[in-house]
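Written out below as structure tokens is the structure these notes cover.
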Amino acid sequence: MFKELTDKINYSQLELEILKFWEEQKIFEKSISTREGKEGFTFYEGPPTANGKPGIHHVFARTLKDLVCRYKTMQGFQVHRKAGWDTHGLPVEIEVEKSLGFKHKDEIVKFGIEKFNAECKKSVWKYKSDWERMTTRMGYWVNLNEPYVTFENNYIESIWWALKQYFDKGLLYKGFKIQPYCPRCETPLSSHEVSLGYENVTDNSVFIKFKLKNEQNTFILSWTTTPWTLPGNIALAVGEKIDYVKIKVGEEFWILANDCLPVISEKYEIEEHILGKDLLGKEYIPLFDVDALKSETSYKVYAADFVTTTDGTGVVHTAVMYGEDDYQLGKRVGLPQYHTVDRSGNLKSDVKELAGLYVKDKATEKKIFLHLKEKNNFVKHLPYAHEYPHCWRCKNPLLYYARDSWYIATTKYAKRMVELNKQINWYPSEVGSGRFGNWLEENKDWSLSRDRFWGTPLPIWICSDCGKLECIGSVEQLKSHDKNLATDFDLHKPFVDGITWKCNCGGTLKRTPELIDVWFDSGAMQFAQWHYPFENKEIFDSQHAADYICEGIDQTRGWFYSLHSISTFLFDKPAYKNVVVNELILDKDGQKMSKSKGNTVDPFMILEKYGADTTRWYLVTTSPPWKPTLFDEAGLAEVQRKFFGTLLNTYSFF
């Protein structure tokens, strides 16, 4: 009855035999079909992108997912688990750009959007077989035969339905704001995307002196950690109640906050104290000669409540288009709104001394400093270590950049998100109440639109004459405007952009060119995987919310948030009831794994050498899943020898 095992067991070969048995006898399928009518248990799979290879961290996460699903199956539940693929967005576009040798967005337009998107569609399946092979080899049971795919028309139509709900309730709007913006990808990012890409960097901060008009040899000192914004300087901000001093340095007079005097390394004498309100209205000579920035309100000192004396000089350099405080001050006092930096991150032609230079290059910074020195505006520069946001996909530093974008007004229902979060069981609990809870408390409107090519099109059409907006919520609604629309019409760019219709005013409605954030794609899987609400309503009703989800800590402000935000608005309930949050897998020395460091681990090699059982057991027992796991191959050998060796010895005696 019980198979006898030899002393020299090959764990990997034994597992392959079991996998063959499962496949031939359709054991996974039977684990679901034989429980028809039993209480259901639903698991949501966070969709990976198959244009990148799977890693050992994916084995870890999928082990945790499989453990709970198998446990609930053994308890008699009918466990629903559908695979999914995240197929849109920058991860895909960047890989295709690399393969085509493109470095700039304009090259895609020249190549042709239709051809580029066709390449993207092929690229998303580049490593699909590797993902499926790893999933099967490690014994992770999930329905790979009927996955949801985010680029399919049915999925996109469900997303359009959801966006129309936001639109109809006035929560989908266009606004002009300062946004985190990637100049390499030429698209804005949402706050949850920004949170995924912070890196520790050391930049140069610079102290600058602005020469006052009508006051001989007198300068106001300021400080900035973003020297590239200096060509866009248009005002200085002070605190009305802050105590400032005029000091004599050599033959010059410098003005700065009294509390900031320690930043002065030169010998000085205090000439007088000046209250901030007495500096208001003073005019100064611009650092750069930019005609578009000149106006009656430009190059003056203004009062602002965001000025402090904790850093710098107590005087804030203001570039209206490159900071939220700057922008709000500019709106209040009527400063010109003009970009000195283009959408590719290069200084424009009217910054004559620096035209065409990329703002984050060190060489550009040196030229800015040289210009300041030549005009006697330079004081000193110092290294400044801080965390700075980078694009979570291309890894380039972001800029804070004023521009138009479409938003979802999540702040309108943020309190409800906080309330519903209390109904979710988080493991560990402190992630739900702390990291995730704090994120909800500090909620910002969701920056939804992306200026890219491969993704779900934003379904809003705008009249060129009267400005009327129409949000399309279904293919049927789109067909009402184009009777000849084919049933298999592709809802992607550029095809959908060719659909226009006449407005009542006589103008023409055309689709706004943007796509939507891919995190909305993945967060919509809770209903879009079933093409809800167009079909499968009963299935959706029975499988929402999920009983269980599990992903890494980085998804706290990614997939966990998008699921929760969308479900709160559409269904007024959480999208999931229980969530396990696993931490990172690091190398044995505690370093983050990366190709550049050469410390990544090939999951296929590990599974072949030690077997899936040894690997899975090692990953879940080395440390609690919500603590960082230090991966050491020697630990696998020890687990196999001690734990599985003991188990086999016990079995042989039995």
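The values are calculated or read from the model by the stated rules, or taken from the named source; none is laboratory data. Values in this document were obtained by computation on a predicted structure and should not be read as measured data. Counting neighbours? That spans all protein chains shown, and the Cβs are built from the backbone with ideal geometry, glycine included. Note: accessible area is taken over every heavy atom of the protein model, side chains too, but ligands, DNA and RNA are not part of it. Shrake-Rupley method; radii C 1.70, N 1.55, O 1.52, S 1.80 Å.
Numerical summary
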quantity	calculated
Number of the condition not met by His381 [criteria: (1) within 20 Å of Phe207 (Cα to Cα); (2) in a strand (DSSP E or B); (3) within 31 Å of the chain's Cα centre (by Cα)]	(3)
Test: residue in the range 571-584 that is crowded, with 17+ Cβ neighbours inside 10 Å, within 30 Å of Trp446 (Cα to Cα) and without any contact (Cβ under 8 Å) to a residue 60 or more places away in the chain	yes
Cβ-Cβ under 6 Å pairs, at least 6 apart or on other chains, the range 114-129 side on the phi < 0 side of the Ramachandran plot, far side part of a helix (DSSP H, G or I)	Phe116/Ile108; Glu119/Val96; Cys120/Val92; Cys120/Val96; Ser123/Val92; Ser123/Glu95; Ser123/Val96; Val124/Val92
Qualifying residues in the range 159-190 (those that are surrounded by 19 or more Cβ atoms within 10 Å (Cβ to Cβ) and among the polar types (S, T, N, Q)) - the one nearest to Ser447 (Cα to Cα)	Ser190
Residue that is nearest to Arg393 (Cα to Cα) [pool: residues in the range 500-531 that are of a type in the set (Val, Ile, Thr) and surrounded by 23 or more Cβ atoms within 10 Å (Cβ to Cβ)]	Val518
Residues (within 21 Å of the chain's Cα centre (by Cα) and among the basic types (Lys, Arg)) located in the range 568-598	Lys592
Filter result (surrounded by 19 or more Cβ atoms within 10 Å (Cβ to Cβ), farther than 26 Å from Gln555 by Cα, of a type outside the set (D, E, K, R) and in contact (Cβ under 8 Å) with a residue 60 or more places away in the chain) within the range 608-654	Tyr610, Gly611, Thr614, Gln640
Options Trp125, Trp141: the member that is aromatic (Phe, Trp, Tyr), over 23 Å from the mean Cα position of the chain (by Cα) and either open to solvent by 60 Å² or more (accessible area, probe 1.4 Å) or under 30 Å from Phe43 (Cα atoms) (or both)	Trp141
Enumeration of residues in the range 7-43 that are modelled with pLDDT under 90, open to solvent by less than 100 Å² (accessible area, probe 1.4 Å) and assigned to a loop (DSSP other than H, G, I, E, B)	Ile9, Asn10
From the options Phe534, Phe540, residue that is open to solvent by 40 Å² or more (accessible area, probe 1.4 Å) and outside any strand (DSSP E or B)	Phe534
Some residue of the range 176-183 being in contact with a strand residue (DSSP E or B) (Cβ under 8 Å, 6 or more places away or on another chain), modelled with pLDDT under 95 and over 23 Å from Gly558 (Cβ atoms)	yes
